[in-house]
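The values are calculated or read from the model by the stated rules, or taken from the named source; none is laboratory data. Model, not experiment: these values are computed from the prediction. Here the Cβ positions follow ideal geometry from the backbone for every residue, glycine too, while neighbour counts run over all protein chains shown.
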Amino acid sequence: MSKNRDIEMARYLAGEMSMNEEIAFLDKSGSDKKRSELKDMEKHWKYFDQNPSAKSWNTGKAWKQLYQRLETEGLLEEGIETPHVGRRMTFLRIAATVLLVLALGVPSLYFGVIRDSSNNQLSHQAIDGVSIVNLPDGSRVYLNKGSEISYQKAFNQHRAIELRGEAFFEVMSDPANPFTVHSGGVRISVLGTSFNVKQVKNTPLVEVYVKTGKVLMSLEKTDQSVTLEPEGFGLADDKQLSNGELEVPNYISWKTKDFKFVDTKLSDVLLELEDSYHVEIQSDALDLSQMRITTSYSGQSIDAILETIATAFGIKVSHEKDGYILTK
């Protein structure tokens, strides 16, 4: 890849090209396979771009380091000066992308958030665990691991979201502009409330649980709909809707990290903890058939919870790289 091509790709990934420049750049990308690879690279760069490290950046120092590196690599035109404050962030954005392209290349940029080719769509995906997304209208979304949402950049004018997977929504009230979630052929409409939507993996089922407020749940292909009130639970497939009360006490524990167990099998407790903390807990060396527990936890870490369980049953817990192991 030439230096000019590196810079063009960096500008494309950084979102600094005009529409005409993007079209010209894609036309020069060659075969469909190469365009597909570029789209993959764009997809995973977007995740990196939207999920920066929670560090405090010294932009002056960062610019100096990037300038020196770019100058060494011969990526700067002769006579270029250090950008003034008004231009620095845009230039840093492109320069940082150049360095990432040079350092990693196409196959290595596998991070996980998509930018639509029309440049009007934004998406967020939870890769390693629960991810929090703050929407432009002030609403907040908690994405469970492996889940993804997408929405238009002009979100404040049309509050509509596509969901794949599971998410808990805390919606800001705006009576003039209802908030809508589309998932698996189901539409969930609200004005301002908090609720959970779960597209059940490998099934046509969509579940909705309302924590506060009211939610209108309807099928997109028919006129069927139900209104769910606080603690209400709705279930839908592609043909019918039903509603009732939620009977699973720890349904949104993946988000709240609050648990309540009443005479529950320890094996079921461990499965619940695995799903909520996205860890693996091995207990093959133990006979759990007669072990039951009544307890509750609120906002505790998985380490603290397993330590209390280990103490209660006289067992040992060790933390391994990929999870935890319970032994006698």
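Taking only pairs six or more apart or across chains, which ones have beta-carbon atoms under 9 Å, a first residue in region 176-205 that is without any contact (Cβ under 8 Å) to a residue 24 or more places away in the chain and of a type in the set (A, V, I, L, M), and a second residue that is outside any strand (DSSP E or B) and surrounded by fewer than 18 Cβ atoms within 10 Å (Cβ to Cβ)? If the second residue must be outside any strand (DSSP E or B) and surrounded by fewer than 18 Cβ atoms within 10 Å (Cβ to Cβ), the pairs left are LEU191/SER173; LEU191/ASP174; LEU191/PRO175; LEU191/ASN177; LEU191/PRO178; LEU191/GLY213; LEU191/LYS214. Among the residues of region 269-315, those identified as under 14 Å from LYS328 (Cβ atoms) and among the acidic types (Asp, Glu) are ASP284, ASP287. Taking the criterion of being at pLDDT 95 or above, of a type in the set (Ser, Thr, Tyr) and either within 18 Å of the chain's Cα centre (by Cα) or under 27 Å from PHE233 (Cα atoms) (or both), would at least one residue in region 168-179 satisfy it? There is no residue in region 168-179 that is at pLDDT 95 or above, of a type in the set (Ser, Thr, Tyr) and either within 18 Å of the chain's Cα centre (by Cα) or under 27 Å from PHE233 (Cα atoms) (or both). Candidates are the residues of region 247-270 that are buried (at least 16 other Cβ atoms within 10 Å of the Cβ) and of a type in the set (A, V, I, L, M); the one that is farthest from GLU307 (Cα to Cα) is ILE252.
Selection of region 208-228 for residues being assigned to a loop (DSSP other than H, G, I, E, B) and within 15 Å of VAL171 (Cα to Cα) yields GLY213, LYS214. Does at least one position in region 232-240 carry a residue that is basic (Lys, Arg) and either without any contact (Cβ under 8 Å) to a residue 24 or more places away in the chain or not in a strand (DSSP E or B) (or both)? Among the residues of region 232-240, at least one is basic (Lys, Arg) and either without any contact (Cβ under 8 Å) to a residue 24 or more places away in the chain or not in a strand (DSSP E or B) (or both), which makes the answer yes. Does TYR251 count as in a loop (DSSP other than H, G, I, E, B), in contact (Cβ under 8 Å) with a residue 24 or more places away in the chain and among the hydroxyl-bearing types (Ser, Thr, Tyr)? Yes, satisfied.
Criterion first (outside the structural domain of GLY165 (by TED's automatic domain parsing), crowded, with 16+ Cβ neighbours inside 10 Å and in contact with a strand residue (DSSP E or B) (Cβ under 7 Å, 6 or more places away or on another chain)) does LEU273 satisfy it? Lay out the reasoning, then the answer.
Values: outside the structural domain of GLY165 (by TED's automatic domain parsing): yes; crowded, with 16+ Cβ neighbours inside 10 Å: yes; in contact with a strand residue (DSSP E or B) (Cβ under 7 Å, 6 or more places away or on another chain): yes.
So LEU273 passes the test.
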